[in-house]
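Okay, so here's the structure we're looking at.
What follows is calculated from the coordinates using simple rules that are stated; it is not laboratory data. Everything numeric in this text was worked out from a predicted model, so none of it was measured. Glycine also receives a Cβ, built like all others from the backbone with ideal geometry; neighbour counts cover every protein chain displayed.
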Amino acid sequence: MRLTGAQVFDPIHGFVERDVCFDGGKVVEAADGPVDVSGCYVIPGLTDLHFHGCRGADFSDGDPQGLQTMADYELSRGVTQICPAGMTLETEQLEKICRMGAEHRKHSKSGAELVGIHLEGPFLSMAKKGAQNGAWLQNPNVELLEHLMDCAEGLVKLVSIAPELDGAMDFIKAVSDRVVVSLAHTTADYDTAKAAFDNGARHLTHTYNAMPPFNHREPGVIGAAADCDHVYCEIISDGVHIHPAVIRATFRMMGKDRMILVSDTMRAAGMSDGAYTLGGQDVTVVGNKATLADGTIAGSATDLMACMKTAVSFGISLADAVTAAAVNPAKALGLYDQYGSLEVGKAANAVVLDQDLNIRAVILRGSVVHGAL
């Protein structure tokens, strides 16, 4: 397949008009079968490294069919790689979801490619637990993480922790060469967060949410991340979690090459308003806002493609938004040699968008799997 006439995303130059060719599931130099997509954008398939569920399913359920439902829905929304996130759960359930992820990776024949697992919990702060279940929170535990990594057969790519907890610094030193350590659900001050980043943490989970604010005298975790060029910063651009002005300011402060758009969706994504659950807690969804009974925001109902489109509506350039939704998450997970751009040799996972950024077609391994060309 050779797509012609479109504006194609380039990680260095933004959008350029050129052909993009697919053959044998890879991006190639040249191919037959020209398809005219003039007036469209062609972007790499997105990678969501922080979402919990969609279409009524949640990764934490430990249900294989539910995970398949999630993978299928995400693919339909232009998310061709997924790294679903667990919640703070009992150890037995954490083991179950990790094993399920490994089995899905080996046997699934459809849907977005499962490229990792994100453990958002149980090593988080009670004071900033948000929608996490406080009954199962615990201090960072190297042995437990290694056990879960074994259960997942190497798929655990990211673990979120609160760096102020007992043993956190030793934990970071012990595991940061094998898994991405992210700071999250934390009361840490600037010095504690900076020490965590200096010791090997290199990621910030849903920046601004469930952490102290960025204050002119107490810059906190966000200030520490700004001072550490190796740290990627997630942000939820759904129009609920973060004010548009803060989205714009954070892209300027951190730079486009360190920003990662995430959806943080729970099972209500792709569903109607109503009552749902997240991590065993009741959640009410109205529009794209999900809340616990006390009003705490509980995940999102807006998928990553919609978050990317929302970021553009907030004033983020399309090229920067694609960088944050496709390039940077692949880099953060150590998968940029396979995914995240339309460079020759990489997986032929792509999305064709019209001028209004609506999905015209989703391409997985060189084949159109949603929409039409």
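General remarks:
- Put simply, the Cα atoms of the chain extend 59, 44, 41 Å along their principal axes, the longest span coming first.
- The magnitude of the dipole of the chain, with charges of +1 and -1 set on the Cβ of Lys/Arg and Asp/Glu and taken from the Cα centre, is near 500 debye.
- Where no second cysteine Cβ lies under 4.7 Å, the cysteines concerned in the chain: CYS21, CYS40, CYS54, CYS83, CYS228, CYS233, CYS307
- Label reach from SER176 (point 7 Å along Cα→C-beta): in region 205-243, amide nitrogens under 17 Å belong to 205, 221-234.
- Viscosity 1.567 mPa s, temperature 4 °C, Stokes-Einstein D of region 85-124 from Kirkwood C-alpha radius, µm²/s: 119
- Computed from phi, the 3J(HN,Hα) profile of region 11-19 under the Karplus parametrisation 6.51, -1.76, 1.60 (θ = phi - 60°) reads x, 9, 9, x, 9, 9, 7, 7, 7 Hz, with x in place of Gly and Pro.
- Rounded to the nearest 20 debye, dipole of region 99-196 from Cβ charges on Lys, Arg, Asp, Glu: 400
- Extension gain from GLU29 to ALA275, taking 0.36 nm per residue of separation minus the Cα-Cα distance: 83.6 nm
- Dividing the summed helix terms, -39500 (n - 2.57) for each DSSP H run of n ≥ 4, by the number of residues in the chain produces a 222 nm estimate of -7500 deg cm²/dmol to the nearest 500.
- If you count Lys pairs in region 71-197 whose Cα atoms are under 29 Å apart, skipping same-chain pairs closer than 8 places in sequence, the total is 17.
- Set of lysines near LYS256 by C-alpha distance (under 20 Å), chain-local residues within fewer than 8 positions excluded: LYS309, LYS331
- Label-to-label distance, nm, for residues given as GLU92 and ALA195 (7 Å Cα→Cβ offset): 3.7
- Placed amide H near GLU113: partners under 5 Å, 5+ positions off or other chain: GLN81, ILE82
- Here the Karplus curve 6.51 cos²θ - 1.76 cosθ + 1.60, taken at θ = phi - 60°, turns the phi angles of region 273-289 into couplings of 4, x, 9, 9, 10, 8, x, x, 10, 6, 10, 10, 10, 10, x, 10, 10 Hz, with x standing for Gly and Pro.
- Helix 142-151 axis, angle to the chain major axis (alpha carbon atoms, nearest 10°): 40
- Put the Cα centre of region 29-57 next to the Cα centre of region 296-373 and the gap is 6 Å.
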